[in-house]
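Trainee: First, the structure itself, so that you have it in front of you.
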Amino acid sequence: MPNTSSRNSKGVNTLLHTLRGEQFRHLQNLNHSTARLSASSSHTIPALPIRLASTEIYSSDPAPATSTSRDAVRPPWSGPAPPKSWRPIRATDSHDTPQWRAEALRIAFSLIVDGDRNIPGIQQPSPIPPLSLLCLQLILAKYTSPHNSQFREEVVPYIPDHLRRGLVRHCAVHAPLPSWKLEALYEPDGHADGEILVVGPSANLKDDHFTLMSSVQQLTVAQSLPVSDDGGHPVRAQDWSWEEDDHSYQALHSVILLSTFLSTSTFLSLPATLTYLALIDLSTPLPLHRLPKICPLLVILDLSFNLWLVEPESEGLKSIERIDWTRWNDLNRVGLRGCFVSDELLQRINKGRWDDIEVIQ
């Protein structure tokens with residue numbers, strides 16, 4: 001009996017010692033203390049504090065630096081590094097978040113298809129994505145190698161255009177797709193249901209993307225033209241079965257580029273059929289003054305969050321000041337969020353118009 005009591009007492013003391021050690025390490029984590037643990041408690045594996053508020057784990061503010069240079073590079077956690085999704089988001093990654101991408105694409109997703117309530121992740125009445133999107137996400141996650149042709153050849157051809165567009169939009173906010181997956185989803189026409197949406201920095205348009213699109217369109221139109229048989233009776237080049245999908249070509253009407261690179265040559269080859277163009281947070285300036293001739297049918301133009309449109313004397317602002325806004329008869333909205341907008345620019349945008357263009361700042 002005394003032996004049992006002694007063992008119980010020893011067990012309680014050990015438990016209390018362990019709990020004190022855990023509490024000490026918990027306070028160290030909260031205070032970012034540099035004090036070393038004693039050798040007696042070194043056998044205990046440190047753990048992430050369970051009482052740490054979620055706002056501290058996902059906070060966008062970096063951990064406060066201490067006075068010494070050694071502490072300045074010390075990570076804000078003790079022991080093994082926590083998973084990446086638990087670590088605080090640094091200021092340099094402020095644009096690499098779903099919240100920022102959703103805000104940057106707000107004009108695109110709210111105005112490009114007016115009244116569309118099925119845009120995943122932005123205008124859904126329910127936080128639960130549709131079943132079709134959930135299934136496509138599971139399928140998409142299975143393919144991780146650009147050298148595997150199975151995704152391009154055996155999966156993509158069976159996804160309808162409107163579902164491809166919805167999948168690309170959802171991923172653009174929550175997990176931007178790399179170039180090889182976008183290229184597969186945009187085959188064979190070069191877009192999904194008339195829309196191109198590319199989010200960097202892991203994806204960008206190829207320099208010859210619009211040139212190849214034009215070639216595909218010309219070939220499709222040529223195949224659809226009627227020809228004559230030996231008796232002079234008009235027949236179609238190909239007769240599609242009623243069970244097959246419609247292979248008619250749809251013109252590209254929307255291009256949305258976010259946090260990516262666009263070369264000047266690709267910019268100058270934009271299709272004239274565009275009615276919506278978004279060039280958001282691009283890395284290099286572009287000759288914007290040439291846009292009215294390249295895309296004369298624009299209805300919405302979004303140039304938000306471009307750093308080369310911030311400085312008053314920058315080349316980008318000089319180019320936007322040279323735009324002949326009167327050449328756009330149908331333009332009704334211009335996005336200039338995060339850009340320098342002078343009174344002279346506002347007057348130039350609405351010069352000679354009966355109805356003012358809405359400038360979103």
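What follows is calculated from the coordinates using simple rules that are stated; it is not laboratory data. Everything numeric in this text was worked out from a predicted model, so none of it was measured. Cβ coordinates were reconstructed from backbone atoms using ideal geometry, including for glycine residues, and neighbour counts include every protein chain displayed.
Trainee: Just to confirm a number: summing +1 for Lys and Arg and -1 for Asp and Glu over residues other than Ser314 whose beta-carbon lies under 14 angstrom from that of Ser314, what do you get?
Mentor: Working: positive: Lys318, Arg322; negative: Glu311, Glu313, Glu315, Glu321.
Neighbourhood net charge equals -2.
Trainee: Place the peptides 104-110, 186-192, 154-160 in order of packing, highest mean first, counting for every residue the other Cβ atoms within 10 Å and averaging per peptide.
Mentor: Values: 104-110: 21.1, 186-192: 19.6, 154-160: 13.1.
Final packing ranking: 104-110, 186-192, 154-160.
Trainee: Could I ask something else about it? Could you give the nm distance between label points at Lys206 and Val359, where each point is 7 Å from its Cα heading toward the beta carbon?
Mentor: The two pseudo-label positions are separated by 4.0 nm.
Trainee: Quick query: amide H of Leu197 versus all other amide H atoms, modeled in the peptide plane; which residues come in under 5 Å with a sequence gap of 5 or more or a different chain?
Mentor: Amide H neighbours of Leu197: Ile256.
Trainee: Rounded to the nearest 0.05, what FRET efficiency do Gln137 and Thr14 give with R0 = 45 Å and r taken as the Cβ-Cβ distance? Could you check?
Mentor: 0.40
Trainee: Taking the alpha-carbon centroid of each part, what is the distance from region 249-310 to region 187-211 in angstrom?
Mentor: Region 249-310 and region 187-211 have Cα centres separated by 13 Å.
Trainee: How do 173-179, 322-328 rank on mean C-beta neighbours within 10 Å, highest first?
Mentor: On the way: 173-179: 17.1, 322-328: 15.1.
Most protected by this proxy first, the peptides run 173-179, 322-328.
Trainee: Scan region 294-361 for GluC sites (Glu not before Pro) in coil per DSSP, keeping those whose Cβ has at most 10 other Cβ atoms within 10 Å, and list them by number. Could the numbers behind the result be given before it?
Mentor: Values: sites: Glu313, Glu315, Glu321, Glu344, Glu358; in loops: Glu313.
Counting only loop positions with at most 10 other Cβ atoms within 10 Å, the GluC sites (Glu not before Pro) in region 294-361 are Glu313.
Trainee: Per residue of region 139-152, what does 6.51 cos²θ - 1.76 cosθ + 1.60 with θ = phi - 60° give for ³J(HN,Hα)? Whole Hz please, x for Gly and Pro, Karplus curve as stated.
Mentor: Per-residue couplings from phi come out as 5, 5, 5, 6, 9, 10, 10, x, 8, 8, 7, 5, 4, 5 Hz.
Trainee: Taking amide H positions as placed in the peptide plane 1.01 Å from N, state which residues far from Arg333 in sequence (5 or more) or on other chains have amide H under 5 Å from it.
Mentor: Distant-sequence amide H within range of Arg333: Leu301, Glu358.
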